[in-house]
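Asks: Starting off with a structure, shown below.
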Amino acid sequence: MKTRISFLMCPPHFFGVEYVINPWMQGKLGDTQRPLAEAQWNALHTLLTERLGADVLLVPPQARLPDLVFTANAGLVHSGVCIPSRFRHPERQGEEPLFRAWFEAAGYTVTPLPAGIAFEGAGDALFDEGAAALHDQPILWAAHGFRSDRAAHPLLADIFDAEVLSLGLVDPRFYHLDTCFCPLPGGQLLWYPPAFDAASVGKIEARVPRDRRIAVCAEDAGRFACNAVAFERPGGAPAVVLNAASEALREALEARGFSVHETPLTEFLKAGGAAKCLTLRLDTPYSSSTTGTADL
């Protein structure tokens, strides 16, 4: 059985900005530097595996699918079940059969949502492990507004037997929940309040005590500080991995007992993603066919 934290990633051999489906891509067509993107992705991979002790499994990259590198959007996994994504934009729909085949080969129970419901996986649905420890069922924060339909939320609740907390996104720059919201170990939260509608801000503030919320400034939000990978480490302080953090944000996280790890991901910001977008948290044993390394 797996005992270490595991993530799914995809090498960025074919990454680039080849279309525009979010504001970050505007003016960036053909503007990515692939060697730099490769170096930044490799640095994230090395940080997770060699310094922080996580396992990383790989989806093979594919030509003409430049956003396949953003594996957070592959689907949502919990307790051996995967709900594969159904992308809203046609430009990304070619990723769907590749990710679904990976999950099936890995031994997940793959449970698609009904046709016609857009749902973009762990980009728009985040399990709150710290909060779940205080409840009898999983806690899932799920967003709607740009990429995923609210109609998916009751289905997620039923499939995972989870309490789903629906949040409305209102700023197109923060088109996925994981660009502006990051549950942290210990029931804490990193977030950017202006990305949410008023009702959702009230819901978050009612659910997460003030002393457990860290609201980032606009500058940190624009550097995708909330698009962080956060997890408990056996024998070490819980880790927060992100593209960049202001001194104030770093101090706020460290004061709460987190080890903060900055790793530049500026090439991926041009497509609207950073550390969290480049990883998908996994939670189940895998078949041998999915655990090998790839040419990085």
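Asks: Can you find, within region 90-108, the residue that is farthest from the chain's Cα centre (by Cα) among those that are assigned to a loop (DSSP other than H, G, I, E, B) and farther than 15 Å from Leu57 by Cβ? Step through it out loud before you land on a result.
Replies: Applying the first criterion (assigned to a loop (DSSP other than H, G, I, E, B)) to region 90-108 yields 94-95, 107-108.
Of the ones still in play, those that are also farther than 15 Å from Leu57 by Cβ are 94-95.
Numbers: Gly94: 19, Glu95: 16 Å.
Out of the qualifying residues, it is Gly94.
Asks: Filter region 238-268 down to the residues that are of a type in the set (D, E, K, R), touching a helix residue (DSSP H, G or I) at 6+ places or on another chain (Cβ under 9 Å) and part of a helix (DSSP H, G or I) and list them by number. Working first, answer last.
Replies: Of region 238-268, the ones of a type in the set (D, E, K, R) are 247, 250-251, 254, 256, 262, 267.
Filter once more, keeping what is touching a helix residue (DSSP H, G or I) at 6+ places or on another chain (Cβ under 9 Å): 256, 262, 267.
The answer is Glu267, and nothing else.
Asks: Going through region 1-33 one residue at a time, which ones are part of a helix (DSSP H, G or I) and exposed (fewer than 14 other Cβ atoms within 10 Å of the Cβ)? If you could, list the steps in order and put the result at the bottom.
Replies: Step one: filter region 1-33 for residues part of a helix (DSSP H, G or I), giving 23-25.
Listed by number, the list holds a single entry, Pro23.
Asks: Can you pull out every residue in region 77-89 that is farther than 26 Å from Glu18 by Cβ and either of a type in the set (Gly, Ala, Ser) or in contact (Cβ under 8 Å) with a residue 40 or more places away in the chain (or both)?
Replies: At the first step, the residues of region 77-89 found to be farther than 26 Å from Glu18 by Cβ are 77-83.
Answer for region 77-89, where residues must be farther than 26 Å from Glu18 by Cβ and either of a type in the set (Gly, Ala, Ser) or in contact (Cβ under 8 Å) with a residue 40 or more places away in the chain (or both): Val77, His78, Ser79, Gly80, Val81, Ile83.
Asks: What residue, among those in region 109-125 that are in a loop (DSSP other than H, G, I, E, B) and touching a residue at least 40 places away in the same chain (Cβ under 8 Å), is surrounded by the fewest Cβ atoms within 10 Å (Cβ to Cβ)?
Replies: Taking region 109-125 first, the residues in a loop (DSSP other than H, G, I, E, B) are 111-118, 120, 124.
Those left that are additionally touching a residue at least 40 places away in the same chain (Cβ under 8 Å): 111, 113-114, 120, 124.
Numbers: Thr111: 14, Leu113: 19, Pro114: 9, Glu120: 29, Asp124: 32.
By that ranking, first place goes to Pro114.
Asks: Does Pro154 meet the test of being within 17 Å of the chain's Cα centre (by Cα) and either crowded, with 22+ Cβ neighbours inside 10 Å or not in a strand (DSSP E or B) (or both)? Before you say what the answer is, go through the steps one by one.
Replies: Details: within 17 Å of the chain's Cα centre (by Cα): no; either crowded, with 22+ Cβ neighbours inside 10 Å or not in a strand (DSSP E or B) (or both): yes.
Judged against the criteria, Pro154 is not a match.
Asks: Another question about this same structure. Which of the residues belonging to region 140-184 are touching a strand residue (DSSP E or B) at 6+ places or on another chain (Cβ under 7 Å) and of a type in the set (Gly, Ala, Ser)?
Replies: Ala142, Ala143, Gly145, Ser148, Ala152, Ala157, Ala162, Ser166, Gly168
Asks: Then there's this: Which of the residues that make up region 201-225 are assigned to a helix (DSSP H, G or I) and not small (Gly, Ala, Ser)?
Replies: As a first pass, look at region 201-225 and keep what is assigned to a helix (DSSP H, G or I): 201-207, 210-212, 218-222.
Hits for region 201-225 are Val201, Lys203, Ile204, Glu205, Arg207, Arg210, Asp211, Arg212, Glu219, Asp220.
Asks: Can we say Pro90 is in contact with a Pro (Cβ under 6 Å, 6 or more places away or on another chain) and modelled with pLDDT of 95 or more?
Replies: When the stated conditions are applied, Pro90 does not pass them.
Asks: Does Arg88 meet the test of being buried (at least 17 other Cβ atoms within 10 Å of the Cβ) and either charged (D, E, K, R) or touching a Cys at 6+ places or on another chain (Cβ under 8 Å) (or both)?
Replies: In short, yes.
So that you can scan it fast, the table gives a plain yes or no per residue for (1) surrounded by 14 or more Cβ atoms within 10 Å (Cβ to Cβ); (2) of a type in the set (Lys, Arg); (3) within 19 Å of Leu126 (Cβ to Cβ); (4) at pLDDT below 95:
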| site | (1), (2), (3), (4) |
| --- | --- |
| Asp211 | no, no, no, no |
| Ala230 | yes, no, yes, no |
| Ser246 | yes, no, no, no |
| Phe258 | yes, no, yes, no |
| Asp295 | no, no, no, yes |
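Asks: Tell me, which residue of region 175-189 that is in a strand (DSSP E or B) and not aliphatic (A, V, I, L, M) is farthest from the chain's Cα centre (by Cα)? Even if it seems obvious, please write down each step before you answer.
Replies: Residues of region 175-189 that are in a strand (DSSP E or B), as a first pass: 181-184, 188-189.
Going one step further and asking which of them are not aliphatic (A, V, I, L, M), we end up with 181-183, 188.
Values: Phe181: 10, Cys182: 9, Pro183: 11, Gln188: 17 Å.
Only one residue fits best here, namely Gln188.
Asks: Going through region 280-292 one residue at a time, which ones are touching a helix residue (DSSP H, G or I) at 6+ places or on another chain (Cβ under 6 Å) and modelled with pLDDT of 95 or more? Let's see the steps before the verdict.
Replies: Start the filter on region 280-292 by keeping residues that are touching a helix residue (DSSP H, G or I) at 6+ places or on another chain (Cβ under 6 Å), which leaves 280, 286-287, 289-290.
Leu280 - this is the single residue of region 280-292 that is touching a helix residue (DSSP H, G or I) at 6+ places or on another chain (Cβ under 6 Å) and modelled with pLDDT of 95 or more.
The values are calculated or read from the model by the stated rules, or taken from the named source; none is laboratory data. These numbers were taken from a predicted model, which means no experiment stands behind them. When we count neighbours, we look across all protein chains shown, and the Cβ atoms used for this are built from the backbone with ideal geometry, even at glycine.
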